[in-house]
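Structure first, then comments.
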Amino acid sequence: PITVTDALSYLDVVKAQLKDEPEVYNQFLNLMADFKNHVIDTPGVINRVSQLFHGNSHLIHGFNVFLPPEYHIEMSTDPPNP
């Protein structure tokens, strides 16, 4: 099972990867807050995370760990179609 420590460690990785893009990191934090408060559903989160982390397979694969088993973000090899 995923722990709070796992989530915090992932946030540290995201913050480090996006150190030159603080606005993207803040958008991610806001997205997670919206999800926690049931403002957005799982498919909506997947869509937004895919857009925010486009091109960063490490962050997307890391995020997949937190998704329910029936959901998974897959990376496209087609640049115009993330």
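Scanning segment 30-42 for residues that are under 12 Å from the mean Cα position of the chain (by Cα) and open to solvent by 60 Å² or more (accessible area, probe 1.4 Å) turns up ASN30, PHE35. Restricting attention to segment 1-18, the residues that are in a helix (DSSP H, G or I) and open to solvent by less than 90 Å² (accessible area, probe 1.4 Å) add up to 8. Scanning segment 48-65 for residues that are open to solvent by less than 70 Å² (accessible area, probe 1.4 Å) and either of a type outside the set (Ser, Thr, Tyr) or under 15 Å from TYR25 (Cβ atoms) (or both) returns VAL49, LEU52, PHE53, GLY55, ASN56, LEU59, ILE60, GLY62, PHE63, ASN64. In segment 11-29, the residues that are under 17 Å from ARG48 (Cα atoms) form Cβ pairs under 9 Å with partners that are assigned to a helix (DSSP H, G or I) and of a type in the set (S, T, N, Q), at six or more places apart or across chains, as follows: TYR25/GLN17.
The values are calculated or read from the model by the stated rules, or taken from the named source; none is laboratory data. On a predicted model such as this, the values are computed, not experimentally measured, just so you know. Every residue, glycine among them, receives a Cβ derived from its backbone with ideal geometry; neighbour counts consider all protein chains shown. Keep in mind that these areas ignore ligands, DNA and RNA; they rest on the heavy atoms of the full protein, side chains included. Shrake-Rupley method; radii C 1.70, N 1.55, O 1.52, S 1.80 Å.
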